[in-house]
Amino acid sequence: MTQPPSAQPSSPQPPSSSPAPLPRVGIIGAGDISAAYLRAAHDLRLFEVAGLCDLDTLRAETRAAEFGVPVLPQADLLALPGLQAIVNLTPPAAHAAVSLDILRSGHHLYSEKPLAVSLEDGAAVLDEARRRGLRVGCAPDTLLGAGFQTARAALDAGLIGRPFAASAFFMGSGPEAWHPNPQFFFQPGAGPLFDLGPYYLSALINLLGPVARVSGSAVRAFAERVAGHPSRLGERVAVNTPTHVTAQLSFESGAAATFLATFDVAGSELPRMELYGTQGTLSVPDPNEFGGPVRIRRAGGDDWETLPLTRPYQDNSRGIGLADLLSSAARGVAHRAGGELAYHVLEVMTRVLEAAEAGRTLPIESRAPRPDPLPEVPEWLTQAVSGQPDHA
C-alpha cells in the first residue's frame, strides 16, 4: 500500500521570531559544488557566507557575483574577524593542507568529502583540531536529509526487525562526459570509491554502525577516458586509480554488506541501497540525494509500502551539516557529520583498496558511533546559533 507524501516542509526556515543574526562562515573553493552551498545559504538562511576565495580569481569572482558575496584572498579570508567556521571546497588532493590552514587560523572546519586522500593526512587534520579545541565536520550531510532520517527512524522503530545485511550500488559510466574538469576523478584519492563512497558508506554507518573489517576487489576497465565537456572535448584523461570496486563490509553489529561503486558501466537496474532484516526489507533512497522515496516490504507481505517522509530537507540542502556543527558547538554537544565519522569512512575506503591488492580481509582500527538521529524539528531551527561557538 502506498501512503500519501508527508506534509513536512522540504526546506524549513528558522523561526521568524528569532532576532539573532546568522552565524558567519567563509568558503575556500569556488568550483561546481560551491553553488550548492551558496544556494543553501541564500535559501535556507541557516548561515551567512561572509567571503569566498579560489586560486582561480576569475572563477571566484564569477561565482561571487552570482550570489552576491565578497571575494577575498585566502590569507584575508582566514583572518576575517567574526567567522565561526570555514568551509573547504577545494579538490580532494588539497583538502588536508587547506583544512590545516583553516584550523591554524582558529576556525572550526567543515570540509567537502573525503576528509583527506590518505589516513596520515586525515589523522593530522583531526589531531590539529583536538590540539586547538576546534571542531571538524565533513560532507556528506545527505544523511541528515528527509530520506535517510526517515529510513533511520523506521529502522530504529524495528519495522524490519533486526538488520543483518545490506546491499548498496553506485553504477555509473563516469563523469568525463559532462564534468568540465574530469581529470581528478581518475587519480588516487578519487575514482568511484573515494568520490561516491563517502555518501554510501556514511549512510550505511548511520544505519548499521561502525565497520569492523573489509575485503574487496578493484579493477580499471579502461586505461584512459575521453572528455566530453565542450571546454575539453576530445581530451584524453589517464586513469590512475581503480574505477570498478566491490567491497565486502563486516559491521561491528554483526551485519554484513556488499557495496559496489563503478565508473565503467553503461547502465544498470540494481537498487541504490537496501537493508535486510528479520522482519522485512527497507529500500533506502539515493545516498547522494536528500529526499526519498523510502519503501518497506514486510515479511509475509505481497507488496511494497512507501513510508511518508517524517523529517525535513527533501530538496538539495548541502550545508545542513555545517548548520548542525554550528548549533551543536553552541550547545556543547556532538555534531552528526563529524570528523571521526569521516576518518572512519576514509579508513574503510583505504583498506578496501589495500585488501583488493593483497587478496585478503583487513581489520578496521578506527571506530565512529552512529550519529544521533535528527529530530523532526532540527535543533538549529529552535536554538540561536549566533555568537562565538564553544570550542568543544
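Computed over segment 29-127, the percent of Cα pairs more than 19 Å apart is 40. The calculated Kirkwood hydrodynamic radius for segment 85-232 is 17.6 Å, given to one decimal from all distinct C-alpha pairs. Remark on ARG24: its backbone amide H falls under 5 Å from those of GLU48, GLN84, a criterion applied only to residues 5 or more positions apart or on other chains, H modelled at 1.01 Å from N. In a fully extended conformation the segment linking SER217 and GLN248 would gain 10.3 nm over its present Cα-Cα distance, using 0.36 nm per residue. Once the Cα-Cα distance is subtracted from the 0.36 nm per residue extended length, the LEU233 to ALA79 segment shows a gain of 51.4 nm. Taking the centroid of alpha carbons for each part, segment 56-121 and segment 269-329 are 30 Å apart. In the chain, helices alone account for a calculated mean residue ellipticity at 222 nm of -9000 deg cm²/dmol, with every DSSP H run of four or more residues adding -39,500 (n - 2.57). For segment 325-332, 3J(HN,Hα) computed residue by residue from phi via the Karplus equation (6.51, -1.76, 1.60; θ = phi - 60°) reads 4, 5, 5, 5, 4, 5, 9, x Hz, glycine and proline entered as x. For segment 205-259, pairs of C-alpha atoms spaced more than 15 angstrom apart make up 62 percent of the total.
Within the set of other residues whose C-beta is less than 14 Å from the C-beta of THR382, count the net charge using Lys and Arg as +1 and Asp and Glu as -1. The answer is -2. Each of PHE185, PHE259, PHE222 has some number of other Cβ atoms within 10 Å of its Cβ, and from fewest to most they run PHE222, PHE185, PHE259.
Near the amide H of ALA139, within less than 5 Å, lie the amide hydrogens of SER111, GLU112, LYS113, all on another chain or at least 5 residues away, with H placed in the peptide plane. The fewest-to-most ranking of SER366, SER253, SER231, SER99 by surrounding Cβ atoms within 10 Å reads SER231, SER253, SER366, SER99.
Every pair of different Cα atoms in segment 142-307 enters the Kirkwood calculation, which places the hydrodynamic radius at 16.9 Å. Each principal axis of the Cα atoms in segment 255-326 has its own extent, and those three values, largest first, are 44, 36, 24 angstrom.
Ranked by the mean number of other Cβ atoms within 10 Å per residue, highest first, peptides 263-271, 301-309 order as 301-309, 263-271.
The label-point distance for THR258 and ARG367, in a model that sets each label 7 Å from Cα toward Cβ, rounds to 2.9 nm.
Taking other C-beta atoms within 10 angstrom as a stand-in for reagent exposure, LEU325, LEU72 fall in the order LEU72, LEU325, fewest first. The phi-based Karplus calculation (6.51 cos²θ - 1.76 cosθ + 1.60; θ = phi - 60°) puts the 3J(HN,Hα) values of segment 232-239 at 9, 3, x, 5, 8, 10, 5, 9 Hz, whole numbers, x for Gly and Pro.
Since every read-out is calculated from the coordinates, none of them should be taken as a lab result. The model shown is predicted, which means the values in this text are computed figures rather than measured ones. Neighbour counts run over all protein chains shown; Cβ positions are idealised from the backbone, glycine included.
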